[in-house]
Structure formats: structure tokens, C-alpha cells
Amino acid sequence: MKIAVLPGDGIGPEIIAEAVRVLRALDERFEIEFADVGGAAYERHGHPLPEATLKLARGADAVLFGAVGDFKYDGLERALRPEQAILGLRKSLGLFANLRPAILYPELASASTLKPEVVSGLDILIVRELTGDIYFGTPRGRRSAPDGAFAGQPEAFDTMRYARPEIERIARVAFEAARRRSGKVTSVDKANVLETFQFWKDVVTEVHAGYPDVQLEHMYVDNAAMQLVRSPKSFDVIVTGNMFGDILSDEAAMLTGSIGMLPSASLNERSQGLYEPSHGSAPDIAGKGLANPLATILSAAMMLRHSLDRAQQADRIEAAVKKVLAAGLRTADIVAGGARAVGTGEMGAAVVAALG
Ligand code: IPM
Ligand code: MG
């Protein structure tokens with residue numbers, strides 16, 4: 001079992017350290033190898049995704065990823081920005097299926113900005129296509145100057161594109177996930193305006209013919225954004241393209257009030273996967289021991305379940321997290337007014353202690 005661990009920038013190294021501590025407590029024999037990624041890799045090797053890091057990730061059974069990015073790299077040309085590391089990993093490992101659960105832990109109901117009756121018991125799964133769409137269309141016509149500026153260039157564009165097999169395989173992931181849940185899929189598109197998404201809608205409908213036991217509804221993305229705050233519990237599995245999925249998954253995460261709690265998995269056709277917290281690198285609190293390590297610890301649980309075939313150990317991590325929450329432990333992002341918050345290390349140690 002080889003795990004590539006890529007801590008990255010900002011709070012990445014702190015939260016990853018706690019997840020690794022939990023993994024080691026479960027089994028000392030995991031083969032864990034670290035490598036640089038993102039801004040940290042740019043500083044040390046001149047590139048956000050060095051060849052050695054990519055090679056390690058390719059050869060591993062799973063990748064545990066912290067976070068990348070910092071405003072200080074905004075001026076760099078696009079190819080050298082930290083975000084290119086995660087996009088490069090997704091593309092080169094073929095990680096097309098991004099699973100982003102948004103679960104409201106009962107203990108944290110008060111953390112949501114929405115009324116408790118709107119969000120209590122919330123448990124939705126966003127299945128975001130991750131290697132196509134406008135993210136990876138040919139950015140033709142762009143003539144990036146070395147300093148990243150457009151220097152008088154008259155226009156810029158990115159092309160939105162989906163090939164049939166790309167839609168078919170993500171639709172299958174969504175329908176299969178729905179079978180293990182409450183049996184409903186909402187496919188989110190913009191078919192009223194975009195050809196790419198009329199195609200998306202048609203292909204999802206075709207694939208659905210093979211899943212008569214699953215209910216399929218179609219929804220325009222603007223309406224979906226609205227329904228997510230109006231009645232989020234009317235959703236179960238949401239399947240959508242890369243761009244809409246990026247936006248809606250942030251919205252869904254924040255319904256729970258605790259983006260510091262939410263893990264994610266990005267899988268390829270061989271179930272090799274990259275696991276990362278849904279939140280970013282939070283450079284403003286980096287190095288202070290304030291970050292919530294639970295999203296990363298729960299990402300490690302997803303890794304054990306989806307890539308390493310160790311569902312029992314995944315269950316143990318998830319149970320331990322519930323236990324520490326029930327015991328009242330809270331990092332600063334989820335603490336209720338007045339209560340004492342614990343630090344990153346204290347939270348990690350508590351999870352280890354609760355593993356039982
Ligand atoms: C995400 C992030 C990334 C994305 C960025 C960092 C490239 O926002 O994982 O949602 O846009 O996919
Ligand atoms: Mg995003």
C-alpha cells in the first residue's frame with residue numbers, strides 16, 4: 001500500500017501531519033512517501049508540479065493532498081501558479097470523478113448560516129466531472145506574456161467542451177452512487193443556453209436508461225444554485241460538469257457551515273485516487289496551529305475506503321471523528337461563541353485517542 005503525501009502550501013503541512021498521524025496509528029506499515037507540490041515546490045524546484053512529484057503520485061495506490069495556493073503567486077504566469085499542480089495531477093492521473101460529500105454533523109448544526117430546519121440532517125453528494133469542460137478546453141487565442149499580462153491583446157477565450165465518453169462515465173459514477181444512497185440523481189446543466197450542456201443532458205438521459213431503479217431529474221445551474229439554499233435536502237446526488245461543480249460544491253459545503261470538515265475524493269477508472277480536504281490553503285492562518293485537520297483526516301478515511309480497500313479502518317476514523325465532536329472538541333472554525341477552541345495538533349491527537 002503506497003501512499004504519496006503532498007502537503008503543499010499554507011495550512012497544508014499542518015493538516016497533513018495530523019492525517020498521517022492517524023494513518024500511522026491505524027497501521028505502521030503503510031508505505032508513506034512525501035513530495036513537494038504547489039508554491040512550496042515552485043520555491044524549491046522552480047515548478048509547482050515537479051517531475052519527481054508526478055512520478056511518485058503515478059506510482060502510488062493513492063495520493064493524500066493538502067492544499068495549494070497563496071496570493072503571493074498571483075503575478076506568476078499561469079503555468080507556474082500553484083493551482084496548476086492540482087490541475088496537472090487530475091489530468092495526468094485521469095482523475096475524472098470528484099466526489100464531494102456535504103454532510104451536516106448534528107453537533108455542528110449551529111455552525112450553518114441557514115435555519116436549522118433547512119439544513120438539519122443534510123447529506124448530499126456532489127459528483128463533479130474533473131478532467132473536462134472549460135477547465136481543459138483549448139485556450140486558443142491566448143498569448144500569455146511571460147509576466148502573465150495580456151499586453152494589448154484584443155481578446156481571450158477558453159473553450160467549453162465535452163466528449164461523449166467523458167459524460168457517460170461520470171453519469172455512471174453518479175447513478176451507482178445513488179443506488180447506494182436514496183436513489184435520486186439531479187443532473188445540473190445549462191442546456192437552455194449552451195450546446196455543450198444540451199449534449200450533457202442528452203447523454204446523461206441515455207445512460208440513465210441502464211439505471212431504471214434510480215430517479216433522474218435535470219436542473220439548470222442557476223436554479224440549482226437557488227434550490228441549494230432554499231431546500232438543500234431535496235437533493236441527494238448532484239452530477240455536473242467541472243465548472244458548475246466547482247461553484248456548486250463550494251456552495252454546498254458552506255451549507256454545513258463547516259468547510260473545515262469536508263473531505264473529497266478524485267478517482268480514475270482504476271480506483272486510484274487523490275484525496276484532499278474541500279477547503280483551500282488558508283494562508284492567513286498558516287503555521288499558527290489553528291486549522292481544522294478533520295477534513296484531511298476524513299479524506300484519509302475516504303482514501304482507505306475507495307482506493308485501499310480498507311473500509312473497516314475508514315469506519316474507525318469516521319467513528320472517531322464523531323466521538324471527538326460529541327465530546328465537544330472544536331477547532332476555531334467550528335467553535336460556538338465563547339467556548340474554547342482546540343488547536344490542530346490537539347484535534348489530531350484526540351482523533352487518534354478515539355480510534356479505540
Ligand atoms: C477546487 C479548487 C480548484 C478548482 C482550484 C484550486 C484549481 O477550487 O478543487 O475546487 O477550481 O478545481
Ligand atoms: Mg473550488
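Laboratory data are not the source of any read-out in this text; all were calculated from the coordinates shown. Every value quoted in this text rests on a predicted model; they were computed, and no experiment measured them. Positions of Cβ are generated from backbone atoms using ideal geometry, with glycine treated the same way; all protein chains shown enter the neighbour counts.
Descriptive notes on the structure:
- Compared with the rule-of-thumb size 2.2 N^0.38 Å for a compact globular protein, the stretch 97-260 has a Cα radius of gyration ratio of 1.15.
- Proxy reagent accessibility, fewest Cβ within 10 Å first, across Val229, Val239: Val229, Val239
- Each residue of the stretch 292-307 was assigned a 3J(HN,Hα) from its phi angle through the Karplus expression (A = 6.51, B = -1.76, C = 1.60, θ = phi - 60°), giving 7, x, 5, 4, 6, 5, 6, 5, 5, 5, 4, 4, 4, 6, 8, 10 Hz with x at Gly and Pro.
- Exposure proxy order (Cβ contacts within 10 Å, fewest to most) of Glu166, Glu107, Glu206: Glu206, Glu107, Glu166
- Listed by Cβ neighbour count within 10 Å, with the fewest neighbours leading, Leu262, Leu325 appear as Leu325, Leu262.
- Gyration tensor verdict on the stretch 229-349 (Cα atoms; rounded if a/c is under 1.5, prolate if a/b is larger than b/c, oblate otherwise): oblate
- Net charge of Cβ neighbours under 12 Å - reference Asp70; Lys, Arg +1; Asp, Glu -1: -3
- Highest-fluctuation residue, Gly210, Gly338, Gly39 considered, GNM on the chain with Cα pairs under 10 Å: Gly338
- Within the shell of other residues whose beta carbon sits under 14 angstrom from the beta carbon of Ala336, the net charge comes to 0, with Lys and Arg scored +1 and Asp and Glu -1.
- Radius, Kirkwood style, for the chain when every pair of distinct Cα atoms is counted (Å): 20.9 Å
- Within the chain, percent of DSSP bridges classed antiparallel, to nearest 5: 35 percent
- Judged by the mean number of other Cβ atoms found within 10 Å, the most tightly packed of the peptides 349-355, 9-15, 93-99 leads the ranking 9-15, 93-99, 349-355.
- Of the cross-linked pairs Lys201/Lys233; Lys115/Lys201; Lys233/Lys288, those separated by over 25 Å at the C-alpha level are Lys115/Lys201; Lys233/Lys288.
- Computed per residue of the chain from DSSP H runs no shorter than four, each worth -39500 (n - 2.57), the mean residue ellipticity at 222 nm is -12000 deg cm²/dmol.
- Relative to its residue count, the stretch 200-259 spans a Cα convex hull of 91 Å³ per residue.
- Charge tally for Ser120 (other residues, Cβ to Cβ under 14 Å; Lys, Arg +1; Asp, Glu -1): -1.
- Bridges between two residues of the stretch 97-260, per DSSP, are antiparallel at a rate of about 35%.
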